[in-house]
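The values are calculated or read from the model by the stated rules, or taken from the named source; none is laboratory data. Quick caveat, the model's predicted, so the values are computed rather than measured. Positions of Cβ are backbone-derived with ideal geometry, glycine not excepted, and every protein chain shown enters the neighbour counts. All accessible areas refer to the heavy atoms of the entire protein, side chains included, with ligands and DNA or RNA removed. Shrake-Rupley method; radii C 1.70, N 1.55, O 1.52, S 1.80 Å.
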Amino acid sequence: MRKRILLLEDEQAIADTLLYALQSEGFEVRHVGLAREALSAFEEAPPDLAILDVGVPDGNGFDVCRAIRKTSELPIVFLTARHEEIDRVLGLELGADDYVVKPFSPREVCARVRAILRRSAAGGAPAAVAAPTPVVPGLLTLDEKAQRIACEGELLALTRYEFLLLATLLRRPQRIFSRAELMELVWGGAPHTSERTVDAHIKLLRAKLRERGLVADVIQTHRHMGYSLRLP
């Protein structure tokens, strides 16, 4: 069965080159030029992956991503003329899987789409476990099968990358991970990720853990070294 791609791109010339490249690779592509059309298309027939242009006449791809993320973990690639690091960080923090800056090679976009879909398919079937594994006794519980983390029995509302980052730390408590290691383990498929993204996600995780009543930082900062999970 052919994979379905939703393409939000208001520049017809760019859309045409991507449509040709993606369809030549065997993908079924639905092209729209407005944010509201993208959301309608997503609701009508959820695709396997979305490519979202950041700047469109009636909004932006970031808002479309936020709306999709309320109900779905659909793989998302941002397509944009913006190249500032803050835009890349924002896109990745919203849960995007990749960020492609114009001008680009349509073949490169196709290669990234294939890689993301392969990872998504592989990640959809984690090794089964009999029950959630308590990693930090009495505090945090990692359920590998369901890809969820609970804090003192209550599920944490985590984005995709927040879950992947915290799960990485949870699997090896007290082990110090450098920022470079975390970028490779968590954002390996997003080549434009920077250390700033890691720091931003650590800050978000700490805030969510504090909301659950954890006054002391479970996630420890090791200056010039990286981060680790502290055992009680």
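Just read off the accessible area of V77 with the full protein assembly in place, 1.4 Å probe, to the nearest 10 Å².
Rounded to the nearest 10, that gives 0 Å².
What's the FRET efficiency of D217 with L155 using the Cβ-Cβ distance as r and R₀ = 25 Å, to the nearest 0.05?
E between D217 and L155, to the nearest 0.05, is 0.75.
So between R148 and A200, what do we pick up on full extension, going 0.36 nm a residue minus the alpha carbon distance?
Extra length from R148 to A200 when fully extended: 16.7 nm.
Given labels modelled 7 Å from the Cα in the Cβ direction, how far is it in nm from M1 to D16?
Simple spin-label model gives 3.3 nm for this pair.
Obtain the nm distance between the two label points defined at V101 and E44 by a simple spin-label model: each point lies 7 Å from its Cα along the Cα-to-C-beta direction.
The answer from the label model is 3.5 nm.
At 0.36 nm per residue, and after removing the present C-alpha to C-alpha distance, how many nm does the segment from E184 to L231 gain when stretched out fully?
Gain on extension, E184 to L231, equals 14.5 nm.
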